1. Which order do peptides 94-107, 137-150 fall in by mean Cβ count within 10 Å, highest first?
2. Could you tell me the relative contact order of region 31-119? Use alpha-carbon pairs under 8 Å, at least six residues apart, and round to a whole percent.
3. At 7 Å along the Cα-to-beta-carbon direction for both residue 197 and residue 10, put a label point, then send me their distance in nm to one decimal.
4. Using R₀ = 25 Å, calculate the FRET efficiency as 1/(1 + (r/R₀)^6) where r is the Cβ-Cβ separation of residue 1 and residue 240; round to 0.05.
5. Work out, in µm²/s and without decimals, the Stokes-Einstein translational diffusion coefficient of region 88-131 at 10 °C, 1.306 mPa s, Rh from Kirkwood over C-alpha pairs.
6. When all alpha-carbon pairs of region 1-45 are counted, what percent fall beyond 14 Å?
7. Kindly state, to the nearest 0.05, the FRET efficiency for residue 222 paired with residue 85, given R0 = 51 Å and r defined as their beta-carbon distance.
8. To the nearest 10 degrees, how steep is helix 45-61 against the longest Cα principal axis of the chain, on a 0 to 90 scale?
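Read-outs: derived from the displayed coordinates by stated rules, not from any lab. All of these numbers come straight from a predicted model, not from anything done at the bench. Reconstructed Cβ throughout: ideal geometry from the backbone, glycine too, with neighbour counts over all protein chains shown.
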């Protein structure tokens, strides 16, 4: 058995096309163009790539976007003042601060400064609380939302199934668990969260009908850890040395893809799996934020 490949890149473009149509209708009927502001502090190469991809995606769907690329030594007060201005800017519906931030900046203070109606990353404590209690009008964090959407659009049933998540981060592991355990379409799962301190981790992962790997370790989930026929969602992006490439490195996930695909029924590739879905969900949330201004 060779797994079905869950192509996030193709699905992301389909969703972006749907968003572009909705954005055009919003502009035509209400003269509103969804606007996204992205704040990037420092020169982390991966963050720069993510921000460029987000700007290109905004252009593709007809959104207005602004990118604020700031030097790593930027003072926290400057960023807070910038967010205050963006909170008041009616042309900006979504504000995203690219993480991680330099060590001298308090990430929590920055996230808390964003207007909850413009928090399209879904990281503000109020939006996190809304997610936990299952309020439909909240912004879901983009990567977990992308995982759920990818499974739903590919006909992967989660109701009553055992989902094992490897990783407990605030960005992926915890919110994915909360989203998939809700009493809702695309959820209703029994969820187990594993992490680096979990005992008998391979044995627990093998119990999963669906395995979501988000632990940040290259090729961590191996074929012997996956039950035959399981669905495997790989969230990890790790740079490893590979001298067969021009750059001298390759991008791999948290799952040993080549071997696990022979055991799983469906699997996401890296790259081209969850990464593009994250951007699609960011655009979805920004469109949702723009529509909220009509109420």
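1. Details: 94-107: 18.1, 137-150: 24.3.
Going by the mean number of other Cβ atoms within 10 Å, highest first, we get 137-150, 94-107.
2. Values: 119 pairs, mean separation 34.6, N = 89.
Dividing the mean separation by the residue count of region 31-119 yields 39 percent.
3. About 4.3 nm separates the two model spin labels.
4. Numbers: r = 27 Å, r/R0 = 1.08.
Working from the Cβ atoms, E equals 0.40.
5. Details: Rh = 11.1 Å.
After rounding, the answer is 143 µm²/s.
6. Values: 697 of 990 pairs.
Roughly 70 percent, rounded to a whole number.
7. Working: r = 49 Å, r/R0 = 0.96.
That gives a FRET efficiency of 0.55.
8. It is inclined by approximately 70 degrees.
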